[in-house]
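Please read the structure below before turning to the comments.
The values are calculated or read from the model by the stated rules, or taken from the named source; none is laboratory data. Treat the numbers as computed from the prediction; the structure is a model and nothing was measured. So basically every Cβ, Gly included, is an ideal-geometry build from the backbone, and we count neighbours across all protein chains shown.
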Amino acid sequence: MGDRGRRALLAGLGAVLVAFPWVFVNPYPRDVMIRIFLYALLAQAWNLLGGYCGQVSLGSAVFFGIGAYTSSVLSLWWGVSPWIGMLAGMALAVLVSQAIGYPCFRLRGHYFAIATIGIGEIVQTVAINWDAIGGARGIWLPIKPETLVNFQFHRAKWAYYYVALALLAAVFGLTAFVERSRLGYYFRAIREDPDAAQSLGVPLTRYKLLAIAGSAAFTALGGTFYAQYVLFIDPESVFPTSLSILVCLVAVLGGVGTLWGPALGAAVLISLSETTRIWLGGTGKAVDLMIYGGLIVLVSVFQPGGLVGLVGRLGRRPGGPASPTPVVVPQGTG
Amino acid sequence: MTKRFGGLVANQGITFDVAPGEIVGVIGPNGAGKSTLFDVITGFYQPDGGDIRFAGETLTGLRPDQINRRGIGRTFQKLRPFNGMTVRENVTVGALARAVSTGAAHVEADRCLALVGLAGKAGAFARELSTGQRKRLEMARAMATRPRLLMLDEVTGGVDQRSIPDLVALISRLRDAGVTLIVIEHNMRVIMSVATRIVALHLGEKIADGPPADVVRDRRLVEAYLGAAYL
Amino acid sequence: MTAEVVAQALLSGLLMGFVYALVAAGLSLIFGLMEIVNFAHGEFLMLAMFATFWAWALAGLDPVLALPLATALLFGVGWIVYRGVISRILAAPMLAQIFATFGLSVFLRSGAQFLWTPDFRLVQNPWIRGRFSLLGLFVGAPQLAAALAALLAFGLLYWFITRTETGLALQATAQDRQAAALMGINTERMFALGWGLGAACVGTAGALLANFFYVFPDVGAVFALLAYVTVALGGFGNVAATLLGGVLIGLVENLVGLWAPAFKYVGVFCFYLLVVLWRPQGLFGRY
């Protein structure tokens with residue numbers, strides 16, 4: 001499929017997504033789509049660090065929560081517009097990401113992954129015990145008039161859909177740009193073989209820090225959106241390790257290190273969990289989760305390159321699929 | 001320069017100079033410390049004693065990427081292609097060390113691929129290449145960083161006989177392109193035909209250093225490398 | 001905060017640490033063989049605990065008697081999981097392998113909830129029960145028995161790996177799969193054995209824990225996380241080091257728990273971070 005064919009497909013997809021809330025007026029499908037957009041955004045953010053750059057992190061929730069809490073606290077205490085709060089949240093997340101990355105990037109593979117889990121748990125526990133920002137009770141965001149500036153919509157909830165879509169498109173666009181740039185090449189070189197990359201002049205730590213900065217910023221973006229959408233946040237909803245794992249799962253199922261993997265993974269996984277929940281979840285018997293878990297196993301066994309591998313025959317991606325991330329890179333001597 | 005790993009002395013007091021335009025061959029039996037020497041020079045290990053100087057600057061204490069920026073490129077004995085990337089992308093990574101934009105890097109990458117004779121394989125994934133092709137890919141990749149000194153670790157290892165003359169010609173082409181070369185090699189015929197000087201290592205020490213014709217007649221070297229039966 | 005209280009915490013931590021070590025040993029064994037972290041390890045533990053509980057509830061078997069049964073059962077589970085799932089993904093990318101075991105863990109956990117409800121259960125009046133005084137400190141008999149048995153099991157495992165022919169074959173396969181195959185070692189069987197043994201460790205640990213711990217579908221989650229940290233702390237690729245790792249985790253958990261119970265896992269993770277930032281491959285890691 002040539003460039004023009006791909007562009008046509010993209011335009012078609014865009015048209016479908018824009019028209020969606022007008023065709024499906026019922027709030028439920030719209031809300032499912034918003035969740036898909038959010039997870040696709042978070043998974044793409046994870047993909048930047050974990051997929052392209054090969055540093056598998058299980059701590060996305062840290063940045064998600066920072067985004068959510070920063071904008072919410074600023075809005076609650078000083079009436080700061082959530083959009084400014086979003087930028088502030090992104091900035092803080094980037095700072096924290098550097099503080100985490102600088103000492104931890106000397107760790108490889110599993111050691112790094114566990115460190116990120118640990119940091120996530122620490123941050124969540126701190127948030128639970130920090131009463132000034134609500135502690136375990138969380139924060140209820142004050143209801144404000146429904147305007148774009150206030151980033152709240154009550155009767156016109158479809159506006160959330162378009163905001164989420166716009167944010168997702170922005171993140172995807174930026175990621176596509178990075179993929180073709182020096183950053184993209186260096187990230188992938190670091191993932192494939194850090195020693196060879198170094199011998200070609202790639203400064204490892206600097207680029208890993210850039211990757212985690214981008215990942216943190218995008219994730220925090222999602223956090224602010226979530227806070228404004230749900231209008232209630234607490235440590236359990238925005239900082240849990242289970243969220244980090246889910247984000248990673250979405251990216252992996254879709255296809256690690258590919259541009260469309262996160263979107264595909266989110267679409268399939270969220271639809272799957274919604275469907276099983278509706279059809280089988282009500283009994284509280286967890287049958288839906290059994291099927292969910294079983295399907296994850298099946299996909300891992302039969303399509304380990306992720307769902308993008310199935311669709312991949314439609315056209316060559318500029319970056320090529322990763323021989324995805326080895327989590328442990330045993331040290332070899334040169 | 002001296003390098004120890006615990007109780008094992010991999011490199012003991014090795015000293016030699018390399019002048020611009022030379023092709024220095026480094027030979028020695030397995031375990032002589034050749035690859036360790038390369039690893040120390042390129043910053044993957046820090047020496048326990050001694051110093052590495054390049055163009056008037058000391059390299060000791062620098063990271064591998066910093067050393068590359070100062071003009072030293074290398075290949076690896078155990079090949080390390082970026083498997084998930086195409087041949088062209090592999091070389092582009094190297095080219096980005098000097099290029100201002102990815103566009104310029106692509107141009108440089110194509111130039112280096114043409115130099116090593118892999119232009120036809122630019123779109124293939126690195127993992128699809130044969131051993132000989134991968135060796136040339138590593139050379140192209142390292143050349144793309146525009147080094148002044150290029151260190152080749154095992155050029156002909158694992159390559160079939162027919163391809164060797166091409167590789168030898170390639171080494172000469174690289175030198176003609178203005179690069180000084182240090183080459184680790186086991187194939188004596190290759191070394192004899194390209195090297196301007198030979199440094200021989202044995203058990204971590206330098207046992208010979210001079211023009212090929214002289215070194216090959218050195219008694220200690222022949223005994224160490226080929227065995228006393230050859231004397 | 002008296003010295004006695006601290007000593008009590010240290011003792012509890014030490015005892016629990018041996019159990020953590022046994023759970024982690026299984027994980028480390030599997031990882032050493034094929035570089036796969038078994039994310040369903042906690043669920044294996046949960047299955048063992050449930051098996052022990054049901055043996056008591058339905059057949060009146062005390063956990064002490066159920067222990068060999070649980071161990072054998074989990075050996076079988078490990079073997080089957082290897083043959084059924086893992087063997088098909090040996091060549092797959094690492095992240096796909098991780099998510100295969102992760103999917104398995106979700107499946108097992110929700111399966112347990114489906115079969116047995118989320119209710120908490122506890123074995124009543126096991127043979128080993130009560131507390132007694134040891135050097136002025138109180139020791140729970142089940143906890144002490146668990147610690148000693150775990151230590152024994154750990155020692156048995158270590159002896160098996162290092163002193164028996166099969167065990168050495170296992171190590172050989174772990175270090176160099178191809179070389180081992182060339183020497184006539186059936187690597188497929190070694191992998192299945194590794195999974196079986198790794199799961200069996202957890203089977204024993206589960207039976208021991210069922211003496212005094214509540215049994216419920218999610219019980220494996222925390223243990224799995226602590227086991228993961230324990231292996232990393234000791235160092236991936238070194239089964240013996242998990243003993244030290246487990247003990248350290250147990251001690252840190254209880255000491256910090258004494259001072260600030262809400263922060264006990266924070267303490268564990270901070271300790272982990274401090275250790276690996278000092279030694280990036282754990283205390284004695286091979287990778």
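This table checks each residue for (1) among the hydrophobic types (A, V, I, L, M, F, W, C); (2) touching a strand residue (DSSP E or B) at 6+ places or on another chain (Cβ under 6 Å); (3) modelled with pLDDT of 95 or more.
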residue: A:Thr175; (1), (2), (3): no, no, yes
residue: A:Val202; (1), (2), (3): yes, no, yes
residue: A:Pro235; (1), (2), (3): no, no, yes
residue: A:Ile270; (1), (2), (3): yes, no, no
residue: A:Ile278; (1), (2), (3): yes, no, no
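The strands (runs of 3 or more DSSP E) falling completely within the range B:1-114 that include 1 or more residues that are more than 16 Å from the chain's Cα centre (by Cα) map to B:3-5, B:8-11. What are the pairs, 6+ residues apart or on separate chains, where a residue within the range C:243-262 that is in contact (Cβ under 8 Å) with a residue 40 or more places away in the chain and buried (at least 20 other Cβ atoms within 10 Å of the Cβ) has its Cβ under 9 Å from a residue that is part of a helix (DSSP H, G or I) and of a type in the set (Lys, Arg)? Listed by first residue and then by second, the contacts come to C:Val252/C:Lys264; C:Glu253/C:Lys264; C:Asn254/C:Lys264.
Among residues of the range B:156-172 that are touching a residue at least 24 places away in the same chain (Cβ under 8 Å) and under 21 Å from B:Gly21 (Cα atoms), those with a Cβ under 8 angstrom from a residue that is β-branched (Val, Ile, Thr) and part of a loop (DSSP other than H, G, I, E, B), sequence gap 6+ or separate chain, pair up as B:Leu167/B:Val155; B:Leu167/B:Thr156; B:Leu167/B:Val159; B:Ile171/B:Val155. Is there a residue in the range C:216-238 that is among the acidic types (Asp, Glu) and under 16 Å from the mean Cα position of the chain (by Cα)? So far as the range C:216-238 goes, yes, one or more of its residues are among the acidic types (Asp, Glu) and under 16 Å from the mean Cα position of the chain (by Cα).
When A:Leu74 is tested against (1) buried (at least 24 other Cβ atoms within 10 Å of the Cβ); (2) in a helix (DSSP H, G or I), just one condition goes unmet, and that condition is (1). Among the residues of the range B:118-156, which ones are in a loop (DSSP other than H, G, I, E, B), more than 16 Å from B:Ala97 (Cα to Cα) and more than 12 Å from chain A (Cβ to nearest Cβ)? Residues satisfying the conditions are B:Leu118, B:Ala122, B:Leu129, B:Ser130, B:Val155, B:Thr156. Cβ-Cβ contacts under 8 Å between residues 6 or more apart (or on different chains), taken from a first residue in the range C:265-278 that is free of Cβ contacts under 8 Å to residues at least 12 places away in the same chain and within 7 Å of chain A (Cβ to nearest Cβ) to a second residue that is surrounded by 20 or more Cβ atoms within 10 Å (Cβ to Cβ) and not in a helix (DSSP H, G or I), are listed as C:Leu277/A:Leu107. Among the residues of the range B:157-167, those identified as on the phi < 0 side of the Ramachandran plot and either surrounded by fewer than 19 Cβ atoms within 10 Å (Cβ to Cβ) or assigned to a strand (DSSP E or B) (or both) are B:Gly157, B:Asp160, B:Gln161, B:Arg162, B:Ser163, B:Ile164, B:Pro165, B:Asp166.
Residue check: is B:Thr42 within 19 Å of A:Leu183 (Cβ to Cβ) and either crowded, with 20+ Cβ neighbours inside 10 Å or at the interface with chain A (Cβ under 8 Å from one of its Cβ atoms) (or both)?
Considered against the rule, which asks whether it is within 19 Å of A:Leu183 (Cβ to Cβ) and either crowded, with 20+ Cβ neighbours inside 10 Å or at the interface with chain A (Cβ under 8 Å from one of its Cβ atoms) (or both), B:Thr42 comes out as no.
Of the listed requirements (1) modelled with pLDDT under 90; (2) touching a Ser or Thr at 6+ places or on another chain (Cβ under 9 Å); (3) not aromatic (Phe, Trp, Tyr), C:Gln175 misses just one: (2). Inside the range A:211-250, can you point out the residues that are over 17 Å from A:Thr116 (Cα atoms) and of a type in the set (A, V, I, L, M)? A:Leu221, A:Ala227, A:Val230, A:Leu231, A:Ile233, A:Val250 - these are the residues of the range A:211-250 that are over 17 Å from A:Thr116 (Cα atoms) and of a type in the set (A, V, I, L, M).
Checked against the criteria, A:Ser237 does not count as in a helix (DSSP H, G or I), surrounded by 20 or more Cβ atoms within 10 Å (Cβ to Cβ) and more than 9 Å from chain C (Cβ to nearest Cβ). When C:Leu233 is tested against (1) more than 18 Å from C:Val37 (Cα to Cα); (2) surrounded by 24 or more Cβ atoms within 10 Å (Cβ to Cβ); (3) within 12 Å of another protein chain (Cβ to nearest Cβ), exactly one condition is not met: (1).
May I ask you to verify whether B:Thr15 is more than 14 Å from chain A (Cβ to nearest Cβ), farther than 19 Å from A:Leu204 by Cβ and free of Cβ contacts under 8 Å to residues at least 40 places away in the same chain? When the stated conditions are applied, B:Thr15 does not pass them.
Does B:Phe54 count as among the aromatic types (Phe, Trp, Tyr) and under 18 Å from B:Val179 (Cβ atoms)? Here the answer is yes, as B:Phe54 does meet what is asked. Looking only at the range B:177-194, filter to residues that are modelled with pLDDT under 90 and not in a loop (DSSP other than H, G, I, E, B); which one of those is surrounded by the most Cβ atoms within 10 Å (Cβ to Cβ)? Of everything passing the filter in the range B:177-194, B:Ile191 is surrounded by the most Cβ atoms within 10 Å (Cβ to Cβ).
Conditions tested, residue by residue: (1) under 23 Å from C:Arg189 (Cβ atoms); (2) more than 11 Å from chain A (Cβ to nearest Cβ).
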position: C:Leu58; (1), (2): no, yes
position: C:Leu65; (1), (2): no, yes
position: C:Phe75; (1), (2): yes, yes
position: C:Gly84; (1), (2): yes, no
position: C:Leu90; (1), (2): yes, no
position: C:Phe99; (1), (2): no, no
position: C:Ser105; (1), (2): no, no
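Taking the condition touching a residue at least 12 places away in the same chain (Cβ under 8 Å), part of a helix (DSSP H, G or I) and surrounded by fewer than 23 Cβ atoms within 10 Å (Cβ to Cβ), does A:Ala213 pass? Criteria met by A:Ala213.
Among the criteria (1) at negative phi; (2) among the hydrophobic types (A, V, I, L, M, F, W, C); (3) within 14 Å of another protein chain (Cβ to nearest Cβ), the one A:Ala227 does not fulfil is (3). Looking only at the range C:251-287, filter to residues that are of a type in the set (Gly, Ala, Ser) and in a loop (DSSP other than H, G, I, E, B); which one of those is modelled with the highest pLDDT? Ranking the qualifying residues of the range C:251-287, first place goes to C:Ala260.
If you take just the helices (runs of 4 or more DSSP H) that sit entirely in the range A:97-209, which of them hold at least 3 residues that are under 17 Å from A:Ala61 (Cβ atoms), free of Cβ contacts under 8 Å to residues at least 12 places away in the same chain and away from every other protein chain (no Cβ under 14 Å)?
none
Taking the stated definitions as given, is B:Leu221 crowded, with 18+ Cβ neighbours inside 10 Å and under 27 Å from B:Arg70 (Cα atoms)? Criteria not met by B:Leu221.
Scan the range A:240-258 and tell me whether some residue there is more than 30 Å from A:Asn129 (Cα to Cα), hydrophobic (A, V, I, L, M, F, W, C) and within 11 Å of chain B (Cβ to nearest Cβ). There is at least one residue in the range A:240-258 that is more than 30 Å from A:Asn129 (Cα to Cα), hydrophobic (A, V, I, L, M, F, W, C) and within 11 Å of chain B (Cβ to nearest Cβ).
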